[in-house]
Structure formats: structure tokens, C-alpha cells
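Asker: Here you go, one structure.
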Amino acid sequence: MTSTPVKTRVPFFMHDLGQAELDAVAEVLRNPILTTGEWVARFESLFADRLGARHAVGVTSCTGALHLSLVALGIGPGDEVITTPLTFIATATSIIEAGATPVFVDVEPETGNLNADRVEAAITDRTRAIMPVHLYGQMCDMRQLRLIADRHQLFIVEDSAHCVEGTRDGVRAGQLGDTACFSFYATKNLTCGEGGALVTNDDSLAEKLRLLRLHGMNKNANDRHREGYKHWDMTMLGWKYNMDNIQAALLLPQMDRLEENWRRRKDLASYYEQRLSDIPNLSRPATLTDVEHAWHLFPVWIGNGRRDRVIQELHNEGVSVMVNYRAIHLLTYLRETFGFRPGDFPVAESIGDASLSLPFYPNMPREHADRVVTKLREALD
Ligand SMILES: Cc1ncc(COP(=O)(O)O)c(C=O)c1O
């Protein structure tokens, strides 16, 4: 592990892409097919295996994966999808892009995850799906959500942007959902800058999703390269969400480091937990006992309206932090479009007003973690 001088700025995240990824991309560049082709198929196969799913479909973002999932499941105008307000906006915007309406349900105070106990009360005649978000890398209660979904004949589309590796009560992402959607955005545990995938165990849904990710065309450039030109048909109205070989080449070598990087993040989380334990007025989301946490983010919760001052002080001291997330129902567009008001989802609002994510990535030098803790302690004094 490289050690960085203490005086440099502590970055929020640093990827670990290197020679293996350069070599993999160079190999793609020596071939004619830059777009969706063999590298994508190889990545999809490895990713599906890691998730224990029958199919993985590579796309250009998690947002696209969420949107396509809803469209493929036939969810659109007039339908409602139940989700959490404590998430990135893409969870809700994918529902809106599909033409449906997001219906928020408040979150659990201990974890920040969608409160499964409150979901049933939000179901109406128009509800078609539940979209849980495995926030920070800790899975929602998928067993309970599946029971509720089955009772009311609803689909489940998992927003698993934060959780590739995690499990809860032995259940992985994608195991009980109709689809689970993943992000390979620049700061994610697997990254190709921008990218995403979804997994599903439903053969016909997977086939439909493969068509929908590329205009609804029944042949792609790679097929033309392999088979020679054959006339293709457009069999449904799709989008342009297909992952390309360059993105897949960047992701493939990272699959070999997935477990090791997860272990490193677990170690860093334990280190932070131990070093932060005696700081007063600082709380953290609980990790539930039946959970194997994927550790995508490491948030702390700083209440009493002090969070934003602490962000500024940390910034002044060279420590980069983020907020994941302020409750999204109070963002201007959602508030004005759906008439949400402060107080609608008080638990999400209070976590959203307190949350601050500390720098966190597998190869983070321990002296950087020490500096984060010292500066956080000083800011809270
Ligand atoms: C919870 C959550 N959902 C969805 C997304 C969207 O992912 P992408 O940027 O790959 O579209 C993100 C990205 O940050 C996220 O954190």
C-alpha cells in the first residue's frame, strides 16, 4: 500500500485502476468492436456468477438500469412505485422517467434504509412496484419486502448502487427482487467512470432488457461483425443504454480484486469505528446482526444543525467529505412537482440533515484516516 504525505489533501475517494485496466483497454483498442461485444459478455457472465444470478445485462448507468427495469416490467403512466426519500435522486427520477409516480415511505432510524414495516400502509390500487435502496451497502429487509410484494402482486426493483457484495439473512442483491440495479460510477466500488448493470433470474425479462438497452434492435454491431450484415428489425421501443467493450474492459480486472477490496474496506470501517468510538455527539448507522455490509460509504451523523459547519471546517483542513444524502423529497423539482413539505418524512429528513460521509476507499492510507478522525474531533470540540 502506498503512503501519501500527510499534508496532501485527503481525497474522498481514489480508484485503484492501473496497469491491468490499461492492458485490458489496449486489447479492446486492437480490435474493431469498441461497442457492446465480447468483453461485455465476459463481464456480464462474471458479474452474474458473483451475484448468483441467471443473467446480468451491462448498461451505461444504474439510472438506466432502474429505468429499463421499470419499462421492461410494464410500469408507466398512472402507476405508483414505493421507494425511499433518503437516496440519490436517480432512484426517483428513473420512476418519473418511466412515467410513473414515486411514493416515498420513511426510513428506519437505525439504518436509514426503507422501513419495510411502513410499506404496506402506502400501497394503493395504483402501486405496481417497490424500489428499495441498499443504502451505504447495507441491504434492506428483502425477505419482508418480498412477502409484502407477493401479497399485493408487486414487482421489486432493487437499487443496489451501493451493494454488490453484501447479504442480509443470507440473501444477496438480486436474489428476491425481479431485478437489481448496480452502478459503476466514478466513486463506486467497481468503476469504469460511468456504467451500470442489472441482474435478473427471469429469462424472458433478461431477453427483453437486452433488446430495450439498444433501441429494441434484434441485432447489434458485434452480430454484424461475426455473421456479416443481416437485416435487423426493431421489435420494441427501446433506449440507448448499452455498455461498451471499453467500459467492460475496465471492469473485468476489477472482478479479480473484488473480495480483496471488500476486505480492505471492512478493515478500514473497523478502524474508523474504533477510532471514532469515544467522540461525543457523533452517531453512526447501525449494522444489523444478520447483515454482511458491502461498505460502499462510511457516513457519520452529526445532529443539532452542526453538520454543515463541520463540512466547512473539514474542507478548510484539507479533508474532502460528501453528503449521502439530504432527503430528496425536499429538493426543488420534487417538492414543486409533487407538493412535498418539510415534515413529510421526518426520519429521512433528520438523517439527511445530519449525514456526512468520510473519505473511504480500499487503499486509503491509515495516516489519512487518522487525520480525518483528528480533524473531525477538533471540528466537533
Ligand atoms: C443509491 C443510488 N442510486 C442510483 C445511483 C445512480 O447511479 P448512476 O450514476 O450509475 O446512474 C446512484 C449513484 O450515485 C446511487 O448512489
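Asker: Given R₀ = 45 Å, FRET efficiency for residue 207-residue 271 by Cβ-Cβ distance, to 0.05?
Answerer: 0.50
Asker: Lys/Arg Cβ at +1, Asp/Glu Cβ at -1, dipole of the chain taken about the Cα centre: which of 98, 14, 237 is farthest positive-ward?
Answerer: 14
Asker: Can you compute the charge dipole magnitude of the chain about its Cα centre, using +1 on each Lys and Arg Cβ and -1 on each Asp and Glu Cβ, nothing else charged? Give it in debye, rounded to the nearest 20.
Answerer: 560 debye
Asker: On full extension of the chain, what length is gained from residue 317 through residue 22, given 0.36 nm per residue of separation minus the C-alpha to C-alpha distance?
Answerer: My answer for the length gained is 102.8 nm.
Asker: Under a Cβ-Cβ cut-off of 14 Å, what is the net charge of the residues other than residue 308 that fall near it, where Lys and Arg count +1 and Asp and Glu count -1?
Answerer: Values: positive: 306, 307, 309, 326; negative: 313, 353.
Local net charge: +2.
Asker: Let me ask you something else. Given H placed 1.01 Å from N in the peptide plane, which residues other than close sequence neighbours of residue 195 have an amide H under 5 Å from its amide H?
Answerer: 62, 184, 185
Asker: Using protein chains only and a probe of 1.4 angstrom, how many square angstrom of residue 236 are accessible, to the nearest 10?
Answerer: Looks like 50 Å² after rounding.
Asker: Expected output is a single nm value to one decimal: the length gained when fully extending between residue 144 and residue 41, i.e. 0.36 nm times separation in residues minus the C-alpha distance. What is it? Don't skip to the answer; put the middle values down first.
Answerer: Details: separation 103, 0.36 × 103 = 37.08 nm, distance 3.33 nm.
Between residue 144 and residue 41, full extension yields an extra 33.7 nm.
Asker: With every protein chain left in place, what is the accessible area of residue 293 in Å² (1.4 Å probe, nearest 10)?
Answerer: So the heavy atoms of residue 293 present about 20 Å² to solvent.
Asker: I would also like to ask the following. Cα-based Rg (one decimal) and Dmax (whole number) for the chain, in Å?
Answerer: Values for the chain (Cα only, Rg and Dmax): 21.1, 70 Å.
Asker: With +1 on the Cβ of every Lys and Arg and -1 on the Cβ of every Asp and Glu, and nothing else charged, how large is the dipole of region 222-381 about its Cα centre, in debye rounded to the nearest 20? Write down the numbers at each step before the final one.
Answerer: On the way: 21 positive and 23 negative charges, 39 e Å.
Rounded to the nearest 20 debye, it is 180 debye.
Asker: Given H placed on each backbone N at 1.01 Å, which residues far from residue 127 in sequence or on other chains put an amide H within less than 5 Å of it?
Answerer: Here 80 satisfy the definition.
Asker: For region 91-184, report the accessible area per residue in Å² (1.4 Å probe, heavy atoms, rounded to an integer). Before the final figure, lay out each step's value.
Answerer: Numbers: 2960 Å² over 94 residues.
Counting only protein heavy atoms, the per-residue value for region 91-184 is 32 Å².
Asker: Length gain on complete extension for the stretch residue 304 to residue 169, per 0.36 nm per residue less the alpha carbon to alpha carbon distance?
Answerer: On the way: separation 135, 0.36 × 135 = 48.60 nm, distance 3.41 nm.
Roughly 45.2 nm would be gained on extension.
Asker: Quick one: ranking 79, 308 by accessible area, 1.4 Å probe, largest first, what do you get? Can you show the working numbers first?
Answerer: Details: 79 25, 308 100 Å².
From most accessible down to least: 308, 79.
Asker: Select from 25, 133, 81 the residue whose mean-square fluctuation is largest in a Gaussian network model of the chain (Cα-Cα springs shorter than 10 Å).
Answerer: 25
Asker: Excluding residues fewer than 8 places away in the same chain, name every one of the lysines whose C-alpha is closer than 26 Å to that of residue 266.
Answerer: 7, 188, 375
Asker: Taking the Cβ of residue 261 as the center, what net charge do the other residues with Cβ under 14 Å away carry, scoring Lys and Arg +1 and Asp and Glu -1? Provide the component values of the computation, followed by the final result.
Answerer: Values: positive: 50, 188, 257, 263, 264, 265, 266; negative: 16, 21, 165, 256, 259, 260, 267.
Computed value for this residue: 0.
Asker: For residue 208, list the lysines whose Cα falls under 16 Å from its own Cα; do not include residues on the same chain fewer than 8 positions away.
Answerer: 219, 240
Asker: Continuing with the same structure: Which of 196, 52, 174 moves the most in a Gaussian network model of the chain with Cα springs under 10 Å?
Answerer: The residue that fluctuates most here is 52.
Asker: Restrict the search to region 216-261; then list the chymotrypsin sites (Phe, Trp or Tyr not before Pro) that DSSP places in a loop and that have at most 10 other Cβ atoms within 10 Å of their Cβ.
Answerer: Answer in residue order: 229.
Asker: Once phi is turned into θ = phi - 60°, what whole-Hz ³J(HN,Hα) does the Karplus curve with 6.51, -1.76 and 1.60 give for every residue of region 330-340, x standing for Gly and Pro?
Answerer: So the Karplus estimates, Gly and Pro as x, are 9, 6, 3, 4, 5, 4, 6, 6, 10, x, 5 Hz.
Asker: Hey, in the GNM for the chain with a 10 angstrom Cα cutoff, which one of 272, 333, 361 fluctuates hardest?
Answerer: Residue with maximal mean-square fluctuation among 272, 333, 361: 333.
Asker: On to the next question. Ignoring ligands, DNA and RNA, please state the percent of accessible area on the chain from carbon and sulfur, probe 1.4 Å.
Answerer: Values: 8270 of 16170 Å².
That fraction is 51 percent.
The values are calculated or read from the model by the stated rules, or taken from the named source; none is laboratory data. Values in this document were obtained by computation on a predicted structure and should not be read as measured data. With ideal geometry, Cβ positions are generated from the backbone for all residues, glycine too; neighbour counts draw on all protein chains shown. Quick note on the areas: whole protein, heavy atoms, side chains included, nothing else; ligands and nucleic acids left out. Shrake-Rupley method; radii C 1.70, N 1.55, O 1.52, S 1.80 Å.
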